[in-house]
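These notes are about the structure you will find just below.
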Amino acid sequence: MNLDILLKYFDDFTDTQLKKWELLFPTYSEWNAQINVISRKDIDSLYLKHVLHSLTIAAVADFQPGTNIVDIGCGGGFPGVPLAIFYPEVDFLLVDSIGKKLKVVEGVVEATGIKNIRTKHARIEEIKGQKFDYAVSRAVAPLADLWRWAKPILKKGHTQEMANGLICLKGGDLAQEISDSRLRPNKVDVYDIFPEEYFQEKYLLHVPA
């Protein structure tokens, strides 16, 4: 499945953004052959399973220029890389404890000319002295852990349409996980936004700071 899946749902990309989207597949394919950050069977579905899934956040939140966002456990760069292309005037810090995954991210950033991503080889708990408007994450850890890590580095407030806080993408039956977290996140069904079979039982959770 190619770039058409993005154009099915978004129709106002600039030429610069389109060029970056086009470069993602060959760049990730090349890096993935060296350092496996996307399962071999999923690489052909990059735009659906990784890029469009990441853009669920863009469909729900309208980040303003100058917004600061940290991607917790970014892995190969999702959701941070697609969001950085979508929001060129928003600043992203992509954090992961596994250096070789960040090597892929940095290779993709360089090849596509993304200017608004910084990377940090660290555990999220080691990020000190910085505050962010939002923390984003995709299938990294249970909600309770994500919130424990995110809460100390989030600015409190409601400066934009969506309150500052944690935004994470998760799948499956989340009832127990949400109950264990003792949080009351806002929950959005991804399938309601992108009615593709792959997104059934996938959700966006938002915990205001």
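DSSP finds beta bridges in the chain, and of those with both partners inside it, around 35 percent are antiparallel. In the context of the full set of protein chains, residues of the stretch 31-136 present 39 Å² of accessible surface per residue (probe radius 1.4 Å, heavy atoms only). One equal scatterer on each Cα of the chain, no solvent, Debye formula: the resulting log10 I(q)/I(0) at q = 0.12 Å⁻¹ is -0.57. Extension gain, LYS128 to SER39, is 28.8 nm, computed as 0.36 nm per intervening residue step minus the present C-alpha separation.
Computed over the stretch 1-102, relative contact order equals 28 percent, with contacts defined as Cα pairs under 8 Å that lie 6+ residues apart. Shown here for the stretch 1-67: trypsin sites (Lys or Arg not before Pro) in loop regions (DSSP other than H, G, I, E, B) with at most 16 other Cβ atoms within 10 Å, namely ARG40, LYS41.
Let me check I've understood the local charge: for GLU201, count other residues with C-beta under 9 angstrom from its C-beta, Lys and Arg +1, Asp and Glu -1. What total comes out? Cβ neighbours under 9 Å give a net charge of -1.
Once the Cα-Cα distance is subtracted from the 0.36 nm per residue extended length, the LEU7 to GLU161 segment shows a gain of 53.0 nm.
Find the eigenvalues of the gyration tensor of the Cα atoms of the stretch 17-112, then list the square roots of 5 times those eigenvalues as equivalent ellipsoid semi-axes, largest first, in whole angstrom. Don't jump to the answer; show the numbers that get you there.
Values: eigenvalues 85, 44, 29 Å².
After scaling each eigenvalue by five and taking roots: 21, 15, 12 Å.
Its DSSP H runs of at least 4 residues, each contributing -39,500 (n - 2.57), put the calculated 222 nm mean residue ellipticity of the chain at -9500 deg cm²/dmol, to the nearest 500.
Only the Cβ atoms of Lys and Arg (+1) and of Asp and Glu (-1) were treated as charged; on that basis the dipole of the chain about its Cα centre amounts to roughly 880 debye. The GluC sites (Glu not before Pro) of the stretch 88-157 meeting both criteria, a DSSP state outside H, G, I, E and B (loop) and at most 12 other C-beta atoms within 10 angstrom of the site's C-beta, are GLU89.
Out of every Cα-Cα pair that the stretch 85-143 contains, those further apart than 14 angstrom amount to 63 percent.
The values are calculated or read from the model by the stated rules, or taken from the named source; none is laboratory data. Here the structure is a predicted model, which means the values were calculated and not measured. FYI the Cβ positions are ideal-geometry reconstructions off the backbone, even for glycines, and counts take in every protein chain you see. The area values use the complete protein model at the heavy-atom level, side chains included, leaving out ligands, DNA and RNA. Shrake-Rupley method; radii C 1.70, N 1.55, O 1.52, S 1.80 Å.
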